[in-house]
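Here the structure comes first, spelled out in structure tokens, and everything after it is commentary.
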Amino acid sequence: MSTILFCTNQESLSYTQEISSGIRAKGEGISSEGLRRLVECVRAALDQQRTGLEEVHGDWVVFMPQTGWALSLDDFLMTRLVELAVHMDDLAVSVGLSAPDLPGAALDPVVALLTGLAVRRHGQAALLRALTRAERAPVAINVF
């Protein structure tokens, strides 16, 4: 399954609320153990990623049990980049801060994917008008 198809299908899935609730519950559980425990969990996850990612290739298949779908590792990591970009902004807004700028190596593919999703959802004209013609721009070109 391609990244665009995966992202397009997310809005129609009934399990998303269940997954969000599970993520929130896990986060609340870890946070209830205190800041030190959170730092330990983050460090352990980073150490695992640093060593584990060296052994895999971008065309390896990642099965996602919550959906029953599979993506290439490259496409799966692309979905994680989008999640990080979007939720970094959510987190910053929630605490009254400006979102940090992403490095181009992270931002460029996220913008490319979101642009492709916007075209698929709203059409080329809507996207071009939103980016260049305020007087003819649609009210929104959101992709999620």
Estimated dipole of region 3-100 in Debye, rounded to 20 [Cβ of Lys and Arg +1, of Asp and Glu -1, Cα centre]: 340
Note, ³J(HN,Hα) from phi for region 134-141, Karplus 6.51, -1.76, 1.60, rounded to Hz, x at Gly and Pro: 4, 5, 10, 5, x, 4, 8, 10
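If R₀ is 25 angstrom, what is the calculated FRET efficiency for the pair E54 and V111, using the beta carbon separation as r and rounding to 0.05? Walk me through the numbers on the way to the answer.
Numbers: r = 28 Å, r/R0 = 1.11.
Efficiency, rounded to the nearest 0.05: 0.35.
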Neighbourhood charge, 14 Å Cβ-Cβ cut-off, centred on A130 and excluding it, Lys, Arg +1 and Asp, Glu -1: +3
In sequence order, calculated HN-Hα J values of region 27-43 (Karplus, 6.51, -1.76, 1.60; Hz; x Gly/Pro): x, 5, x, 5, 5, 5, 8, x, 4, 4, 5, 4, 4, 4, 4, 5, 4
Long-range HN-HN contacts of S72 with modeled amide H, under 5 Å: V62
Expected 222 nm ellipticity per residue - DSSP helices of 4 or more, -39500 (n - 2.57), all of the chain, to 500: -21500 deg cm²/dmol
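Values quoted throughout were computed directly from the atomic coordinates according to the rules given, and no laboratory measurement underlies them. Quick caveat: nothing in here was measured; it's all calculated off a predicted structure. Neighbour counts run over all protein chains shown; Cβ positions are idealised from the backbone, glycine included.
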